[in-house]
Structures are given as C-alpha cells and as structure tokens.
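The values are calculated or read from the model by the stated rules, or taken from the named source; none is laboratory data. As the structure is a prediction and not an experimental result, all values here were calculated from the model. As a convention, Cβ positions derive from the backbone with ideal geometry for all residues, glycine included, and neighbour counts pool all protein chains shown. Ligands, DNA and RNA are excluded from the accessible area calculation, which covers all protein heavy atoms including side chains. Shrake-Rupley method; radii C 1.70, N 1.55, O 1.52, S 1.80 Å.
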Amino acid sequence: MGIENKSRTEQLEKEGWVRQFVANEPRLSEAVDLYRESGFDVHLEPLAKGQECETCAGMEDPKEKEECRVCFEGFEDQYKIIYTRPRKDSHSP
C-alpha cells in the first residue's frame, strides 16, 4: 500500500469508518442501499491506481493480500471501496 493510501486509510479509521469491500455497479449501489437501510453511514473511496503486486499467492500476511489491486489494473475508475460506520443520528428503539 502506498504511503498516501495508508495515511488516508488511517484517517478514515480514526473517524470511525470500517472498510467493507471493493465493488462496482450494480453491486455497489445495492450494497450502499443495504448498509444505509441497516442504519449505517456509507463512505465511498476511489480505488487507487498504480498498486504493484508480484504475486498474491506467495504473500503470508493476509492484510497484504487484501491490498493487492492487480486484478483491477486499467479499471480502477469503475470500482469504489465501501466504508461504513454506525449512523450517528440513528435512534435505537
């Protein structure tokens, strides 16, 4: 993960956001709607370009595998990273 991406991720985590997954349409809109209906705020981050990966199969650290983006190369603009956090204005019954 690049330094810029890592600092952005750290910033989001400090604000209470939790990374869920990467998606594109139509699943992106479906997931956003489902999270909102379930009482979450949703934040979408663009998928960073220029991630390098030699091979995912040989990586031991699962976090490194999660950050590999070689499969998205050339199509990064079509995908978003979904982040959620509990809605601050939700009223529990």
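With the requirement that a residue be open to solvent by 50 Å² or more (accessible area, probe 1.4 Å) and in a helix (DSSP H, G or I), what does segment 1-28 give you?
Within segment 1-28, 3, 4, 6, 7, 8, 10, 11, 13, 14, 27 meet the criteria.
Determine the pairs where a residue that is within 11 Å of residue 85 (Cα to Cα), located within segment 18-42, has a partner that is of a type in the set (Val, Ile, Thr) and in a helix (DSSP H, G or I) with Cβ atoms under 8 Å apart, the partner being 6 or more residues away or on another chain.
The qualifying pairs are 19/9; 42/32.
So is residue 66 assigned to a helix (DSSP H, G or I), of a type in the set (D, E, K, R) and at pLDDT 95 or above or not?
Working: assigned to a helix (DSSP H, G or I): yes; of a type in the set (D, E, K, R): yes; at pLDDT 95 or above: no.
Against the criterion (assigned to a helix (DSSP H, G or I), of a type in the set (D, E, K, R) and at pLDDT 95 or above), residue 66 does not qualify.
Out of the residues in segment 69-83 that are under 20 Å from residue 6 (Cβ atoms) and modelled with pLDDT of 90 or more, state the one that is most open to solvent (accessible area, probe 1.4 Å).
80
Would you confirm whether or not segment 39-50 contains a residue that is surrounded by 14 or more Cβ atoms within 10 Å (Cβ to Cβ), small (Gly, Ala, Ser) and either touching a His at 6+ places or on another chain (Cβ under 9 Å) or modelled with pLDDT of 60 or more (or both)?
yes
Confirm whether residue 34 is open to solvent by 50 Å² or more (accessible area, probe 1.4 Å), modelled with pLDDT of 95 or more and not in a loop (DSSP other than H, G, I, E, B). Show your work before the answer.
Details: open to solvent by 50 Å² or more (accessible area, probe 1.4 Å): yes; modelled with pLDDT of 95 or more: yes; not in a loop (DSSP other than H, G, I, E, B): yes.
In short, yes.
Pick from segment 1-31 the residues that are among the small types (Gly, Ala, Ser) and at pLDDT below 95: which of them is farthest from residue 73 (Cα to Cα)? Explain how you work it out, then say what you get.
Within segment 1-31, the subset among the small types (Gly, Ala, Ser) is 2, 7, 16, 23, 29, 31.
This time we only want the ones that are at pLDDT below 95, so: 2, 7.
Details: 2: 15, 7: 22 Å.
Filtering segment 1-31 for residues that are among the small types (Gly, Ala, Ser) and at pLDDT below 95, the one farthest from residue 73 (Cα to Cα) comes out as 7.
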